[in-house]
Amino acid sequence: LLTKAKGLEITGNKVNTCAPVFLNIGKLNTLLNAANASMIAGKNDDAIAKSDELLAMAPDLPNPMVIKAVALANKGDLDNAVKNIEAAAAIDEQHKPKIELVKIQALSAQAGASLQKKDFDAAIAKYGEIAKMKPGEATTYYNLSLAYGNKGDYNQALVSLEKAIALKPGDAEFMERKKQIEAMLDKALNQELKLGK
């Protein structure tokens, strides 16, 4: 059992009483495992609710903050995700490297949501932010290429894809996408030539 109680302040003749709250470690572990399982399964709202329940019982426990941060990041809630992961890192420094990962996950979720709404400029901006944070990640440039391609900017799509290929040479999916973009670019150029006649 853990106890949760505020420290006593004694000044002068004043007497303060202590009302400890006893926590059941088994219950905490069960709830922590359930929150983690929900987060892994993509049940982000459930993971957040379970994390909040844990934090109500043990507010200085960093693991529920990490789970909540990842679940919020999966939903694209950058500000609250960062707030939670930074709180966890303030309690336990081993979580500091996760701050950047949580930011990237939240930006990626936002970019994906923008793509679904066909807001290609917003998706491009988010993938661009990720590329600045982690410039050696080939998948980011591939996703950037997809966003440019959907926008119809095949030149930029090809430029982004070339960066992905340079980082991960010989990737079959990247090479196939390059053929597709080159074909779309040729088609667009031929269309422009026909219109110019």
Practice item. Give the residue that is farthest from the chain's Cα centre (by Cα), with candidates limited to residues of region 23-45 that are modelled with pLDDT under 90 and open to solvent by less than 60 Å² (accessible area, probe 1.4 Å). Key: LEU23
Check your understanding: All but one of (1) open to solvent by less than 60 Å² (accessible area, probe 1.4 Å); (2) modelled with pLDDT under 95; (3) within 24 Å of ALA34 (Cα to Cα); (4) of a type outside the set (Lys, Arg) hold for GLY112; which doesn't?
Key -> (3)
Review point. Would region 147-160 turn up any residue that is touching a Lys or Arg at 6+ places or on another chain (Cβ under 8 Å) and of a type in the set (Ser, Thr, Tyr)?
Key: no
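Residues ALA90, ALA106: which one is farther than 22 Å from ARG177 by Cα, in contact with a Gly (Cβ under 7 Å, 6 or more places away or on another chain), of a type outside the set (D, E, K, R) and in a helix (DSSP H, G or I)? Walk me through how you get there before you give the answer.
Details: ALA90 fails: in contact with a Gly (Cβ under 7 Å, 6 or more places away or on another chain).
The conditions single out ALA106.
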Practice item. Spot the failing condition for ALA113; the list is (1) in contact with a helix residue (DSSP H, G or I) (Cβ under 8 Å, 6 or more places away or on another chain); (2) touching a residue at least 24 places away in the same chain (Cβ under 8 Å); (3) assigned to a helix (DSSP H, G or I), and only one is missed. Key: (1)
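Determine whether region 58-80 contains at least one residue that is more than 13 Å from the chain's Cα centre (by Cα), aliphatic (A, V, I, L, M), open to solvent by 50 Å² or more (accessible area, probe 1.4 Å) and at pLDDT below 95. Spell out how you get there, then give the answer.
Within region 58-80, the first condition is being more than 13 Å from the chain's Cα centre (by Cα), and the residues that meet it are 58-65.
Keeping just the survivors that are aliphatic (A, V, I, L, M) gives 58, 61, 65.
Retained after the next criterion (residues that are open to solvent by 50 Å² or more (accessible area, probe 1.4 Å)): 61.
From what is left, the residues that are at pLDDT below 95 are 61.
Yes: region 58-80 contains one or more residues that are more than 13 Å from the chain's Cα centre (by Cα), aliphatic (A, V, I, L, M), open to solvent by 50 Å² or more (accessible area, probe 1.4 Å) and at pLDDT below 95.
The values are calculated or read from the model by the stated rules, or taken from the named source; none is laboratory data. All of these numbers come straight from a predicted model, not from anything done at the bench. Positions of Cβ are generated from backbone atoms using ideal geometry, with glycine treated the same way; all protein chains shown enter the neighbour counts. Side chains included, ligands, DNA and RNA excluded: accessible areas come from the protein's heavy atoms. Shrake-Rupley method; radii C 1.70, N 1.55, O 1.52, S 1.80 Å.
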